[in-house]
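Notes follow the structure.
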Amino acid sequence: MREIVRTVFHEQFRVESRTRHTLERLQRGREFLSVLVPGDEHEHTSMLLHVDADDRFLIIDEFNPPRRPQLLPDEELLCLGRAAGVFAGLRCRVAAHEQWDGYDALRLHWPHAVYHLQRRTHYRVAVRPGDVGEVELHRRGARSVTGECLDLSATGMRLRTHAPSDFELGASEWIEQLHFLLDGEAFACPAQLRFVRTLRAPPGEPAPRLVGLRFDQLAPSQQQRLQRYVQRRDRELLRDTRL
């Protein structure tokens, strides 16, 4: 675990946004945190119990095994967990010892640094209207389907399509060719469907489909183009939330 800590808590994996998003994923996952006190040889286990983004503090469970001597206010902790299966690290300072739901717990100040092994270029971002043109899925042995891109990452997209007129979309279907425009540039590659969900529709109208897919064999230059778009949109969305 210490080797992973040395890898995660590196400046190249430090992120400046999505702190709340990462913390809430850690909390919802109810997974254990590995906690280290810099300079201390012992490793402890805890759990993120509460995230307060308004007052900017966290509550974590008491250490197992307990630490002796007891932690002091403003002492720094390195917390390592998994957010959606990917290692995420937090640098926090102790605020106080307190009771939480009747149990011993620690109140921590809002993290002053967050690290994530998943780089920003792989985040999924909502596309701006007009950035992505109509998406066309050329299917094997079935009619093509067109759709509207909802969000995009460097490796895939989520889109809304109409109900197919012949054969239903399958959750693991292979798309022989995917076509779409991004800022006027044409993209084309095979793709693999990852999930298909039927959405609700008014009575008497065909229900649209929500589809997630992963790009395959995308040209390196176009993958870089997608990465730049995702980075730019991520910054735009972060700016908008701060206005």
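A simple spin-label model places the labels of GLU43 and ARG14 2.4 nm from each other, with each point 7 Å out along Cα-to-Cβ. Could you tell me how many degrees, from 0 to 90 and to the nearest 10, lie between the Cα long axis of helix 220-242 and the main elongation axis, the longest principal axis, of the Cα atoms of the chain? The angle comes out near 60 degrees. Largest first, the extents of the alpha carbon coordinates of the chain on the three principal axes equal 69, 43, 36 Å.
Where in the range 72-101 does the amide nitrogen come within less than 14 Å of the point 7 Å from the Cα of ASP52, taken along Cα to Cβ? Of the residues in the range 72-101, 95-101 have backbone N under 14 Å from the label point off ASP52. For a paramagnetic label modelled on GLN217 (point 7 Å from Cα along Cα→Cβ), amide N atoms under 18 Å away belong, within the range 142-160, to 142, 155-156. Consider all pairwise Cα distances in the range 79-194 and report the whole-number % of them above 18 Å. Distances greater than 18 Å cover 65 percent of the Cα pairs.
Name the trypsin sites (Lys or Arg not before Pro) in the range 179-233 that are in a loop by DSSP and that have at most 15 other C-beta atoms within 10 Å, would you?
The qualifying sites are ARG200.
Working note: Cα atoms of the range 125-242, range along each principal axis, descending, whole Å: 41, 33, 22.
The GluC sites (Glu not before Pro) of the range 138-243 that meet both conditions, a loop assignment by DSSP and at most 13 other Cβ atoms within 10 Å of the site Cβ, are GLU168. For ALA163, nonlocal amide neighbours, meaning residues 5 or more places apart or on other chains whose placed amide H falls under 5 Å from its own, are ARG209. Summing Lys and Arg as +1 and Asp and Glu as -1 over all other residues whose Cβ lies under 11 Å from the Cβ of VAL114 gives a net charge of +3.
Annotation for ALA171 and GLN224: the two label points, set 7 Å from Cα along the Cα-Cβ direction, are 3.8 nm apart.
When the GluC sites (Glu not before Pro) in the range 20-111 are filtered for DSSP coil states and for at most 11 other beta-carbon atoms within 10 Å of their beta-carbon, the remaining sites are GLU41.
Let me check I've understood the local charge: for ASP183, count other residues with C-beta under 13 angstrom from its C-beta, Lys and Arg +1, Asp and Glu -1. What total comes out?
Values: positive: ARG128, ARG225, ARG228, ARG232, ARG233; negative: ASP131, GLU185.
After counting each charged neighbour, the total is +3.
With K and R counted +1 and D and E -1, the other residues having a Cβ less than 15 Å from that of ALA142 yield a net charge of -1. With the charge dipole of the chain set up from +1 on Lys and Arg Cβ and -1 on Asp and Glu Cβ about the Cα centre, the Cα lying farthest toward the positive end among the listed residues VAL51, VAL145, PHE195 is that of VAL145.
Please state, as a whole number in µm²/s, the translational diffusion coefficient that the Stokes-Einstein equation yields for the range 1-116 at 10 °C and 1.306 mPa s, with Rh defined as the Kirkwood radius across alpha carbon pairs. Present the calculation step by step, with values, prior to reporting the outcome.
Values: Rh = 14.1 Å.
In µm²/s, the coefficient is 113.
Across the range 2-118, the relative contact order, built from alpha-carbon pairs under 8 Å that are at least six residues apart, equals 28 percent.
Rule-based calculations on the coordinates, nothing more; no lab input. Everything quoted here is computed from the prediction, not taken from an experiment. All Cβ positions, glycine included, derive from the backbone under ideal geometry; neighbour counts span all protein chains shown.
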